[in-house]
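See below for the structure under consideration.
The values are calculated or read from the model by the stated rules, or taken from the named source; none is laboratory data. Here the structure is a predicted model, which is why all the values come from computation and not from measurement. Reconstructed Cβ throughout: ideal geometry from the backbone, glycine too, with neighbour counts over all protein chains shown.
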Amino acid sequence: MRPARLLLCALVLSGCERAAAPDPSLPPAEVGAQAAPAATDDANTGADGVTVSGEPVAAQDTLIPDTAPAAVPPANGLLDGIASGDDTLASLRARYGAENVVERELAVGEGETMPGWVLFPDRPTRQLEVHLDETGEHPAMLVAGSDVTEWQRADGVRNGLTAAELTAINGRPFSFMGFYWDYGGVVIDWKGGALGPEDTVVGPVTLCPPQFADEDIPDGYPAGDGEYASDLAILTTFPPVVCEFGVVLALPPR
């Protein structure tokens, strides 16, 4: 899994340094048909008691399953109903059960770790990392890694979307860092599209390249410390996909 703290740094590098409350009078961004998982008649209920189906989440619910626990009210704006910046380890354990909220060292890049929490640790397709604020007592960001398939963001972002599908949701091409280094595939600029509301940090998104036979990377494929556009022709032939995404709950002090 790509280090979530690196992704947050990438957001800051892209100029998104402050979070502002969304204007409630503005309509949510439309989500394309390709953004939401296909509907299914079968609900999936885990030991944590959260029921998830394949229906797309409501436009104002970020990282909330279709049927949220009764203890979790629907979220407003870009925050979510799974955790908030006011939560604590105790409050999350009271909500989901101690076995579903565990303390763990989380990778932050270059072989280093920092204390954090993991939600639903026994369910790889539901597991969420909780990176903490500067106090170490409250959530700052939720991160869904590459194995996670049971969550999506309100804007339609989820693992498995191709760069073309992400471009369609955004409404215009975006830019990302080249692959095969620490910041590889990190989206750094939504270019004013729907996925990058002005003056609001939604959360990081990372693309991963396809597996090339014998590591035979095609000439011209985005690689290294450089900025690339999501509408490059070669990405149509060899599409990268979203392999990690997150929701920022609290930014570090400036």
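Points worth noting:
- Some residue of the range 194-209 being among the hydroxyl-bearing types (Ser, Thr, Tyr), out of contact with any Pro (no Cβ under 7 Å at 6 or more places or on another chain) and either under 27 Å from GLU105 (Cβ atoms) or in a strand (DSSP E or B) (or both): yes
- The residues of the range 176-204 that are among the aromatic types (Phe, Trp, Tyr), modelled with pLDDT under 95 and within 18 Å of GLY145 (Cβ to Cβ) amount to a single one, TYR183.
- Test: ASP122 is under 20 Å from VAL248 (Cα atoms) and surrounded by fewer than 23 Cβ atoms within 10 Å (Cβ to Cβ): no
- Residues (farther than 24 Å from GLN152 by Cα and among the hydroxyl-bearing types (Ser, Thr, Tyr)) located in the range 182-241: TYR221, TYR228, THR237
- Residue satisfying all of: in the range 120-137; part of a strand (DSSP E or B) and in contact (Cβ under 8 Å) with a residue 60 or more places away in the chain; farthest from ASP182 (Cα to Cα) among these: LEU128
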